[in-house]
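First the structure, in the form of structure tokens, and then the observations on it.
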Amino acid sequence: MMATVVPPAPVREDLSPFPTGPGTAAGRYLRDFWQPVALSTDLAPGEAKPLKILGEDFTFYRGMDGTPVITAPGCPHRQTRLSLGTVEGNDIRCLFHGWKFDSAGACLEAPGQGGTLVQRTRVATYPAADHHGLIFGYFGAGEPPALPDIFGFSKKYGRDMENARVHDVGTYRRLCNYYINVENVLDLAHVPFTHRLSSDPTVTEVGFSASVGVVRDITIERSELGIKAVEVDADGYPTEAMVILPNAMHLIVGQRDGYLEQVAWRVPVDDETHLSFQVTTLHTDEPGAERYWAYKERQGALIAKYPDTEICAEQILRGEKSLRDFVDHPLLVNIEDHVAQMGMRFIADIGKENLAQSDKGVIQLRRMFMSRLADYVSGTPNVVHTW
Ligand code: FES
Ligand SMILES: [Fe+2]
């Protein structure tokens with residue numbers, strides 16, 4: 001009797017969390033949420049810049065009254081980059097032939113052209129807003145949801161970010177797929193090893209508390225918003241890490257001065273690079289806050305000694321340097337995470353992993369993320385936008 005050959009299950013390329021370009025399943029999922037695209041301070045009034053997010057190019061500028069505007073990358077006339085243009089009031093005038101567009105995308109002037117052309121010409125614009133020191137953009141279809149209520153979220157989970165003594169905002173670029181860093185949020189077992197150097201008070205000035213440097217069991221909690229991992233049996237402040245689907249996170253982690261509470265996003269630039277944006281607070285006392293800001297002030301000169309952190313990480317990955325060469329780098333924690341995650345490189349290898357007991361948060365997250373993607377593919381999105 002002939003053996004029945006069962007064909008392998010088709011590879012659902014569209015169900016991968018990794019590609020986020022236009023039309024991909026994960027790309028549609030992420031576009032359904034506000035995404036931070038820059039620090040608010042990255043763009044001064046009257047400034048225009050190119051922007052790349054989710055594998056797509058855009059232009060963004062800030063009107064003279066401070067309003068952030070995101071548009072399609074090219075001018076509707078001959079498609080040169082609109083970011084080369086000049087901001088006039090809250091409008092932008094193209095460098096090439098001077099066509100001018102308002103912040104809603106309407107053409108206001110096209111020098112030397114007829115009036116009907118002006119009336120029917122538009123550049124696409126996308127909702128944009130400053131929120132918690134970040135510029136957010138919305139790239140989905142239809143009306144955007146409410147902006148994430150970070151302080152309300154913190155209160156809902158028994159914390160109080162709003163009244164923490166230190167508030168800070170930051171960003172970094174990492175040369176790997178965003179999803180690797182989303183999963184990393186729930187991988188608490190990496191901390192004692194990946195961050196061995198930066199957790200050592202004999203090596204670095206501020207950083208994780210000693211209690212962070214111990215591998216502990218975690219409990220996993222599921223909610224409609226995502227997956228949360230909480231350390232069991234921690235002394236001091238147990239680490240709590242939650243992925244707020246699809247690509248945001250909330251973190252509580254002990255510091256030498258009190259504890260840190262952070263909300264962050266991992267935002268794809270393209271499929272091999274992402275940006276992280278962090279709204280960070282430190283729950284500490286007055287001396288702890290002073291130490292934080294004094295250290296931060298000294299950081300500038302130290303950081304200037306080195307190339308960007310992702311370049312430092314590439315030097316280590318090529319074997320030219322080691323983490324020990326960066327022990328006085330104020331962003332050593334980042335470099336440690338860079339090398340571990342950039343070392344994983346790209347997800348083609350995801351099937352080669354051997355997920356274990358300490359990966360239960362990662363496993364749960366992957367299931368939930370994939371089931372949400374399947375909902376997108378089937379046309380029945382099942383998402384919660386409100387934090
Ligand atoms: S390309 Fe912009 S005005 Fe001609
Ligand atoms: Fe880390």
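Can you tell me which residue is farthest from THR59 (Cα to Cα) among those in the range 115-136 that are touching a Ser or Thr at 6+ places or on another chain (Cβ under 9 Å) and part of a loop (DSSP other than H, G, I, E, B)?
Among residues in the range 115-136 that are touching a Ser or Thr at 6+ places or on another chain (Cβ under 9 Å) and part of a loop (DSSP other than H, G, I, E, B), the one farthest from THR59 (Cα to Cα) is HIS132.
Looking at the range 6-114, what strands (runs of 3 or more DSSP E) fall wholly within it and have at least 1 residues that are on the phi < 0 side of the Ramachandran plot and aromatic (Phe, Trp, Tyr)?
56-62
Residues are listed down the side, and each one gets a yes or a no for (1) touching a helix residue (DSSP H, G or I) at 6+ places or on another chain (Cβ under 6 Å); (2) over 28 Å from ALA25 (Cβ atoms); (3) not assigned by TED's automatic domain parsing to the domain that holds SER198:
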residue: VAL327; (1), (2), (3): no, yes, no
residue: LEU331; (1), (2), (3): yes, yes, no
residue: MET342; (1), (2), (3): yes, no, no
residue: SER358; (1), (2), (3): yes, yes, no
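May I ask you to list the residues in the range 147-180 that are part of a helix (DSSP H, G or I) and in contact with a helix residue (DSSP H, G or I) (Cβ under 6 Å, 6 or more places away or on another chain)?
Listed by number, the residues that qualify are PHE151, SER154, MET161, GLU162, ILE180.
Can you find even one residue in the range 170-190 that is surrounded by fewer than 20 Cβ atoms within 10 Å (Cβ to Cβ) and either free of Cβ contacts under 8 Å to residues at least 24 places away in the same chain or at positive phi (or both)?
no
Being in contact with a Ser or Thr (Cβ under 9 Å, 6 or more places away or on another chain), surrounded by fewer than 21 Cβ atoms within 10 Å (Cβ to Cβ) and not small (Gly, Ala, Ser) narrows it down to one of ASP285, ASP337, ASP270, so name that one.
Unique residue meeting the criteria: ASP270.
Report the residue count in the range 251-274 for those that are under 15 Å from the mean Cα position of the chain (by Cα) and more than 17 Å from HIS190 (Cα to Cα).
13
Give the residue that is surrounded by the most Cβ atoms within 10 Å (Cβ to Cβ), with candidates limited to residues of the range 59-114 that are aromatic (Phe, Trp, Tyr) and closer than 19 Å to SER40 by Cα.
The extreme case among them is TYR61.
The values are calculated or read from the model by the stated rules, or taken from the named source; none is laboratory data. Being a predicted model, the structure only gives us computed values, none of them experimental. A quick note on method: Cβ atoms are made from the backbone with ideal geometry, for glycine too, and the neighbour counts reach across all protein chains shown.
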